[in-house]
Amino acid sequence: MDTLIFAGLLATWYALVRERSRAGAVAGWWVAALAAAGLFAFLISGNLSMGLNF
C-alpha cells in the first residue's frame, strides 16, 4: 500500500512538473487515494474475518 501511495504522489508531482492540466493532477491524486482506501478496507475486513484484533 505504501508503494501505491508513493506512486500516486510521484505521478501527481510529474503531472505538475510537466505542467499538465490541474484537473489531471487532482484526478490522479484521487485515483491513488481511493485505491489506497480500498486496499486498506480490504486489509481490515480480511484481518477481522480471521479473528485478528486491532
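Summed over region 4-20, residues that are farther than 21 Å from Phe40 by Cα and either out of contact with any helix residue (DSSP H, G or I) (no Cβ under 8 Å at 6 or more places or on another chain) or among the aromatic types (Phe, Trp, Tyr) (or both) total 6.
Considering each residue of region 44-53 in turn, at least one proves to be assigned to a loop (DSSP other than H, G, I, E, B), without any contact (Cβ under 8 Å) to a residue 60 or more places away in the chain and among the hydrophobic types (A, V, I, L, M, F, W, C).
Matching residues to (1) among the hydrophobic types (A, V, I, L, M, F, W, C); (2) surrounded by 12 or more Cβ atoms within 10 Å (Cβ to Cβ); (3) at negative phi:
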{"position": "Asp2", "(1), (2), (3)": "no, no, yes"}
{"position": "Leu9", "(1), (2), (3)": "yes, yes, yes"}
{"position": "Trp13", "(1), (2), (3)": "yes, yes, yes"}
{"position": "Arg20", "(1), (2), (3)": "no, yes, yes"}
{"position": "Ala27", "(1), (2), (3)": "yes, yes, yes"}
{"position": "Leu39", "(1), (2), (3)": "yes, yes, yes"}
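Looking across region 6-21 at every residue that is part of a helix (DSSP H, G or I) and among the hydroxyl-bearing types (Ser, Thr, Tyr), the one that is nearest to the chain's Cα centre (by Cα) is identified as Thr12.
Each reported figure results from applying straightforward, stated rules to the coordinates on display, with no laboratory input. This is a predicted model, so every value here is computed, not measured. With ideal geometry, Cβ positions are generated from the backbone for all residues, glycine too; neighbour counts draw on all protein chains shown.
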